[in-house]
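I have placed the structure first, in the form of C-alpha cells, so that the comments after it can refer back to it.
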Amino acid sequence: MARYTGPKSKKARAIGEPIFGSDKSFEKKNYPPGQHGLTKKRKKTSEYGVQLKEKQKAKYTYGVLEKQFANLFDKASRSKGVTGEVLLQLLESRLDNVVFRMGIAPTRNAARQLVGHRHILVNGEVVNIPSYSVKPGDVIGVREKSKSLEVIIEALQSIRHNQFSWIEWDKDAMSGKYLNAPLRNEIPENITEHLIVELYSKN
C-alpha cells in the first residue's frame, strides 16, 4: 500500500496549510521550513509554482501518490462535467476518504490502515484497497469483529459523520450509504482545482 511516509509537518509548512490534519508543530511554526525561517526574503512564486503547489496540496491532503493522481486527472478529463470538480469527486469517492468522511477513522491515514487491515466492508464484502472507487448506493460498514476496535469507537464519538449531505449514516449498524458524488460547494477542502487543471494542460 504505497503512501507518503516522509516528514508531515515539514511538508505542511512548505505548502502553508495543515494538509495532514491537526498538527501542533505546524501551528507553532506556520511558515516555510528552512534554516532562516521567517527572516529569509523569498522570491515571488511563479505561476507554475503556484499551480504545482496546489497539485501537491491536493495529493497530500487525500494521500495519493503522483502516478495515482495523474491517472485520476486523466479519468476526470475524459469524463463529462467540469474537469476540476470531477477530479475532486473522484478523490472524495476513494474508499479511504469515504471511511474518513463517515467518521469511522479520525484521519485519512487511519482510514487507509483500517481498509488495508481488512476491517471495512463494502456491500457486505471485505475490501482492502484504499483507492477502491465507491459508487452511489454502496454501503460501507465496519466488519463485525472489528466493531470493538478502540480507534473506531473513539472516532465514532465525533459528529463528523453527520456533517455531509452525501452520506447517510446508521449509528446502530456502524455503516453508512454513499448517496451521491458531492457537489463542489459541499467539499470542504481548500483546494483551487482550476490551478491543477491549468498545470496539466501545459503538458
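Might you let me know whether the range 159-166 holds any residue that is of a type outside the set (F, W, Y) and closer than 12 Å to S93 by Cα? Checked the range 159-166: no residue is of a type outside the set (F, W, Y) and closer than 12 Å to S93 by Cα. Would you mind stating whether V99 is in contact with a strand residue (DSSP E or B) (Cβ under 9 Å, 6 or more places away or on another chain), in a helix (DSSP H, G or I), surrounded by 13 or more Cβ atoms within 10 Å (Cβ to Cβ) and not aromatic (F, W, Y)? In short, yes. Is there a residue being in a loop (DSSP other than H, G, I, E, B), modelled with pLDDT of 65 or more and out of contact with any helix residue (DSSP H, G or I) (no Cβ under 6 Å at 6 or more places or on another chain) anywhere in the range 11-21? Yes, the range 11-21 has at least one match. Residues that are part of a strand (DSSP E or B) and among the aliphatic types (A, V, I, L, M) were ranked within the range 112-133; the one that is surrounded by the fewest Cβ atoms within 10 Å (Cβ to Cβ) is V126. All of (1) part of a loop (DSSP other than H, G, I, E, B); (2) of a type in the set (A, V, I, L, M, F, W, C); (3) under 16 Å from A111 (Cα atoms) hold for F164 with one exception: (3).
Scanning the range 167-203 for residues being more than 16 Å from the chain's Cα centre (by Cα), within 14 Å of V99 (Cα to Cα) and surrounded by 14 or more Cβ atoms within 10 Å (Cβ to Cβ) gives a total of 7. If you go through the range 139-157 and keep only what is out of contact with any His (no Cβ under 7 Å at 6 or more places or on another chain) and either closer than 23 Å to N185 by Cβ or not in a loop (DSSP other than H, G, I, E, B) (or both), you end up with V139, I140, G141, E144, K145, E150, V151, I152, I153, E154, A155, L156.
The values are calculated or read from the model by the stated rules, or taken from the named source; none is laboratory data. As the structure is a computational prediction, the values presented were derived from the model and not from experiment. We place every Cβ from the backbone using ideal geometry, glycine too, and count neighbours over all the protein chains shown.
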